[in-house]
Amino acid sequence: MGLALVQSPDGGLHVLAAGPEARLSAAMGLLNVATAELVASIAEALAGDDWQGDGIVTPEQWVALRCGVTTARARRLVATARALDELPAAATAFGEGALSEDQVGLICDHVDAAHDTEVTELARRCTVNQLRRVLPSVVPPAPAPDPEPEPGTAEEGDATSAGGDTPGRREVAFGNHEDGRWWARMLLPPDEGALVQRAIEASLTALVHDEPSQSGPERGHGPLAPRLRPPEVAR
């Protein structure tokens with residue numbers, strides 16, 4: 001007969017003599033509580049921008065570094081931390097150990113604040129697969145967003161056509177998606193665009209062929225090399 005740790009309402013831990021099933025249930029409850037605390041810590045860091053630091057460009061990168069988890073799990077943890085701010089019932093059940101990380105992740109992906117309490121109570125009695133099957137009947141799927149207009153097809157009077165396609169007009173925007181990928185959009189006069197294109201191509205070439213560490217792969221064959229290509233300018 002093994003020993004199981006159980007958590008009392010006051011937060012204390014008690015040893016309970018039991019079989020493997022009881023030990024498993026007790027351990028899973030503790031794991032859920034610990035993961036909920038991890039997610040709450042991430043949410044606090046997001047609220048105060050405490051994840052920022054030298055060389056850290058996204059919260060997901062910070063979580064992966066500090067927690068020793070994969071990038072994929074770091075993304076899930078950050079997404080859960082952001083979503084639970086609007087799902088108090090799910091957050092409470094998570095903190096009590098009643099819901100697992102996978103159950104909460106599914107709720108965060110598909111449930112809005114209006115269905116928070118209903119789905120949380122349902123999730124307490126469902127496996128992850130059962131919850132996935134019943135969610136569409138409880139929460140209507142969100143309508144698909146309107147597709148973004150192609151360049152040059154904006155209707156008259158909308159924001160994209162207000163300035164017209166004026167020669168010499170400049171637009172530069174860049175940032176990071178939630179998953180950490182960097183994006184950029186630029187609209188420049190031909191001569192300036194050609195200059196920027198050459199600078200980007202030169203930077204990418206230097207990055208691909210940068211000298212690796214002594215223990216790394218041969219020159220020009222690092223993990224970045226197959227994924228980096230000179231940008232193409234739409235014509």
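Values in this text are rule-based calculations from the coordinates and carry no lab data. Here the structure is a predicted model, which means the values were calculated and not measured. Every residue, glycine among them, receives a Cβ derived from its backbone with ideal geometry; neighbour counts consider all protein chains shown.
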Segment T127-D109, extension gain: residue separation times 0.36 nm, minus the distance between their alpha carbons: 4.9 nm
Debye, to nearest 20: dipole size of region 2-138, +1 on Lys, Arg Cβ, -1 on Asp, Glu Cβ: 580
Using a Förster distance of 41 Å, the FRET efficiency for A199-E44 (Cβ separation, nearest 0.05): 0.55
Net +/- balance of residues flanking R198 in space, Cβ distance below 13 Å, scoring K and R +1, D and E -1: -3
Full-stretch length increase - R66, V172 - with 0.36 nm per residue and alpha-carbon distance subtracted: 34.8 nm
Two-site FRET efficiency, M28 against V139, from Cβ-Cβ distance with R₀ of 30 Å, rounded to 0.05: 0.70
